[in-house]
Amino acid sequence: MDPEFQPDLQALTRALSLLCEGPTAALAQALPHSLPQVGVTSTQAIEWLAPHVLNGAARLDSPLAAAHMDPPTPWISWATAQWNASLNQNLLHPATAPAARQLEQQVVGWLAPYFGMRGGHMTPGSTLANLTALWAARECAGVTEVIASDTAHLSIAKAAHILGLKLRQIPTTPTGAMIEDALPSDLSRSALVLTAGTTSTGAIDPLALGGRAAWTHVDAAWAGPMRLTRHSDRLDGIEKADSVAVSAHKWLFQPKESALIFFKDVDKAHGAITMGGAYLAAPNVGILGSHGAMAIPLLATLMAWGRDGMAERIERCIYVAETIANHVNHDDRLQLLAWPVTGVVNWRPKDISLFDAWHQSLPREMVSTTTLRGERWFRNVVANPMANALAITEAISAVHL
Ligand SMILES: *Cc1c(COP(=O)(O)O)cnc(C)c1O
C-alpha cells in the first residue's frame, strides 16, 4: 500500500486549518527553481506552499470585495470538490462514473426549467458553453453567421472564429444593450446571440427577440441565476431561446470550473454534437473528453440551500449593487452610468481628469475598470453576498481629492 494514496486525516486536517486560519504568519520561502530531484514530502510541501497560495490569494469574501464576477464559495463546495479530487470520476466513461453522470443530469434537470429549456450538460465555463451552443446551431440550423452585439463577451467571437462562422456585430445603447432596430431583417441563416448581463455593464439585450433567427442563443453566463430570484422577470423572454449558457462559478457561487449549457430540443442538439469512439461505452456528447464531476458541488449547494437560499443570496448582491448606485447618485462628485439591473454598477468622477487619482484612492478589491465608447468607468460587480454596502459606500465617501 502506498501511503501517499491513502487518507492521512491528520495531514488533511492540517491543510484545512491552514486554509481556515486565513493568511499565515509564516514567510514564504522561495520555491525550488527547477523540478526537485528528491521530494520534500507531502506534509512539508503543504507547509511550504501555504504562504504562497493562501497569502497570495485575493479574499473574495471580504466586505469590500465587489470588483469581479468571481464569488466566494460555500464550504459545502470545498468538501464535495475534495471528494471529487479523491474519487477522480471521469464522466466520459460510465464505468468510472456511474453515479456522477446521473447526478449531473439531475442538477441539469433541476435548473433547465427556469430557462424554459429541457436539458443540457455541464462545461468548465461559459466560454465553452457558448462554443458548444454555436456548434449545435451550426449543425442543427445550418447557420452561416453569428450575430451578436458589440458588447457581447469575447467568447462569442472566439466561437465564431473556431467554427468558421462569420461574425456580425450589432451596435448598442449607451448602457450596452443591443439596438433591436439595427438587426438585419433576414436572420434565416443566422445564430442570434443575446446577452443576459453583459460583462462590462450587466445590460440585458432584448430577449423577446428569441425565435426570430434560425437559432437563438442566450449568453446568460453572468445574470442567468437571477431566474431563481424574485427578479426573474428581468430575464423574461429567455425561454424563447434554443440554447442558454450559465456560469455556475459566477452567480451560483461554485468553484471553478463550473458552467452549464442548456438546450430546448436537447435530443436534437446533443445528437448533433455527439461522436462515438471504439473505446467509448457511451457516445461522447459535446466538446470535452475526460472531465470531472463538477455537478456534485453544485448539486450539493442547491440541495443545502434550496431555491430560497440561493435566491436570497443573489438578491442580497442585487441590493448591495442598488445601494452603491443610490450612493453614487447622491454624491455630487460622481456620475452613475445607469441603474443596475443585474448587480453590475458603473460610475465615475464627473471630473474625468481625476479618474486615476480616484482609482488609486479606492480599495483594490472594490472596483475594476472598463472602457465604454472610449471612456473609462469604474465597475462594481456584486458576486459576493457578504459584500457590505455600508463599508463600500463609506470607502467612496472617504475619498478626498
Ligand atoms: C464570464 C462571461 C462569459 C465567459 O464565461 P466563463 O465562465 O468565464 O468562460 C461569457 N459571457 C459573459 C456575458 C460573461 O460574463
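The values are calculated or read from the model by the stated rules, or taken from the named source; none is laboratory data. This one's a predicted model, so the numbers in the text were calculated from it and none came from an experiment. Neighbour counts are summed over all protein chains in view; Cβ atoms, including those assigned to glycine, are modelled from backbone coordinates with ideal geometry. With ligands, DNA and RNA removed, areas are computed over all heavy atoms of the protein, side chains included. Shrake-Rupley method; radii C 1.70, N 1.55, O 1.52, S 1.80 Å.
Some notes on this structure:
- Residue selected from the stretch 89-131 under the condition within 15 Å of L288 (Cβ to Cβ) and assigned to a loop (DSSP other than H, G, I, E, B), by the criterion farthest from the ligand (Cβ to nearest atom): H93
- Residue list for the stretch 60-80, filter: among the small types (G, A, S), assigned to a loop (DSSP other than H, G, I, E, B) and either surrounded by fewer than 19 Cβ atoms within 10 Å (Cβ to Cβ) or assigned by TED's automatic domain parsing to the domain that holds W347 (or both): S62
- For the stretch 253-270, a residue qualifies if it is open to solvent by less than 10 Å² (accessible area, probe 1.4 Å) and either within 11 Å of the ligand (Cβ to nearest atom) or farther than 24 Å from E315 by Cβ (or both), and the qualifying residues are Q254, S258, A259, L260, I261, F263, A269.
- For the stretch 293-308, the set of residues classified as of a type in the set (A, V, I, L, M), in a helix (DSSP H, G or I) and under 21 Å from H121 (Cβ atoms) consists of A295, I296, L298, L299, A300, L302, M303, listed by residue number.
- So A338, is it assigned to a loop (DSSP other than H, G, I, E, B) and either aliphatic (A, V, I, L, M) or free of Cβ contacts under 8 Å to residues at least 12 places away in the same chain (or both): yes
- Flag if S290 is within 15 Å of the ligand (Cβ to nearest atom), of a type in the set (S, T, N, Q) and either farther than 30 Å from T393 by Cα or open to solvent by 70 Å² or more (accessible area, probe 1.4 Å) (or both): no
- Whichever residue in the stretch 200-252 is part of a loop (DSSP other than H, G, I, E, B) and aliphatic (A, V, I, L, M) and, among such residues, is nearest to the ligand (Cβ to nearest atom): A221
For every residue, the table says whether it meets (1) out of contact with any strand residue (DSSP E or B) (no Cβ under 8 Å at 6 or more places or on another chain); (2) at pLDDT 95 or above; (3) over 13 Å from A65 (Cα atoms).
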| residue | (1), (2), (3) |
| --- | --- |
| T323 | yes, yes, yes |
| H327 | yes, yes, yes |
| D351 | yes, yes, yes |
| A357 | yes, yes, yes |
| E365 | yes, yes, no |
| R376 | no, yes, yes |
| N388 | yes, yes, no |
| T393 | yes, yes, no |
| A398 | yes, yes, yes |
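- Scanning the stretch 237-252 for residues that are open to solvent by 10 Å² or more (accessible area, probe 1.4 Å) and within 24 Å of A141 (Cα to Cα) yields a count of 3.
- If you go through the stretch 170-196 and keep only what is away from the ligand (no atom under 11 Å from the Cβ) and within 23 Å of the chain's Cα centre (by Cα), you end up with T172, T175, A177, M178, A191, L192.
- A213 vs. criteria aliphatic (A, V, I, L, M) and over 22 Å from W135 (Cβ atoms): no
- Residue in the stretch 294-311 that is among the acidic types (D, E) and farther than 16 Å from P225 by Cβ present: no
- From E312, E365, residue being open to solvent by 20 Å² or more (accessible area, probe 1.4 Å) and assigned to a helix (DSSP H, G or I): E312
- Listed conditions (1) in contact (Cβ under 8 Å) with a residue 24 or more places away in the chain; (2) within 29 Å of H68 (Cα to Cα); (3) open to solvent by less than 10 Å² (accessible area, probe 1.4 Å) are all met by P174, apart from (3).
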